[in-house]
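One structure below.
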Amino acid sequence: MTQTPTLPEPAAPSGAVTPTPPHLEFLASLAVEVSAPVEVGRTRTGLRRVIPISGGTVTGPELNGRILPAGADFQLITSDTSSDLDARYVIETDDGDRLFVMNAAYRTGSAEDIAALVRGDEVPAERIYFRCCPRFEVSGDRWAWLESTVVIGSGRREPDRVLIDLWRVR
């Protein structure tokens, strides 16, 4: 019987540094007002819904303004417990600039809680995992830094709006 040789554990690279997690800096809170869902129906990838965005507010230490009634959340409920969200909307800043937002999100919870959200019922935020990663397109220089900055968020759904807190990753 041939014995397989035991390989030594790889050595840690010399000068290895313990990674430092990125710093999060609060950017703003969004209160996104939504209208009644438009049900597309069950597709081959899941239940497709479009949630019109009817307005809202943006408040924070760096970013303030309003959400224009020009967008929607294109939802795909992929199972009884999870949803892929793709919201597209426009923020008009207090200084008059407009930012186009593409906000990809993932939302999961128990089958009962997800069904309640789909019906429009209120579900306690702590029972739903709702995270997002918005990207921005801007015109002009004032907000250009948003196009090259990673922003992450945590959301919660209420019957007539979505509340999202955003952080800049430093």
Since Val58 meets every condition but one in (1) surrounded by fewer than 16 Cβ atoms within 10 Å (Cβ to Cβ); (2) under 17 Å from the mean Cα position of the chain (by Cα); (3) not small (Gly, Ala, Ser), which condition does it not meet?
(1)
Matching residues, the range 54-71, being of a type in the set (A, V, I, L, M, F, W, C) and in contact with a Ser or Thr (Cβ under 9 Å, 6 or more places away or on another chain):
Val58, Leu63, Ile67
Please verify whether Gly55 is in a strand (DSSP E or B) and not basic (Lys, Arg), treating the condition exactly as stated.
yes
Residue check for Glu122: of a type in the set (Asp, Glu), over 16 Å from Gly65 (Cβ atoms) and surrounded by 14 or more Cβ atoms within 10 Å (Cβ to Cβ)
no
I'm trying to understand the selection: among the residues of the range 128-140, which are outside any strand (DSSP E or B) and surrounded by fewer than 14 Cβ atoms within 10 Å (Cβ to Cβ)?
Ser139, Gly140
Just give me the residues in the range 28-47 being closer than 21 Å to Cys133 by Cβ and surrounded by 15 or more Cβ atoms within 10 Å (Cβ to Cβ), in sequence order.
Ala28, Ser29, Leu30, Ala31, Val32, Val34, Gly46
Take Val118 and decide whether it is within 18 Å of the chain's Cα centre (by Cα), modelled with pLDDT of 95 or more and either closer than 15 Å to Ala31 by Cα or β-branched (Val, Ile, Thr) (or both).
no
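The values are calculated or read from the model by the stated rules, or taken from the named source; none is laboratory data. Keep in mind it's a predicted model, so treat the numbers as computed, not measured. As a convention, Cβ positions derive from the backbone with ideal geometry for all residues, glycine included, and neighbour counts pool all protein chains shown.
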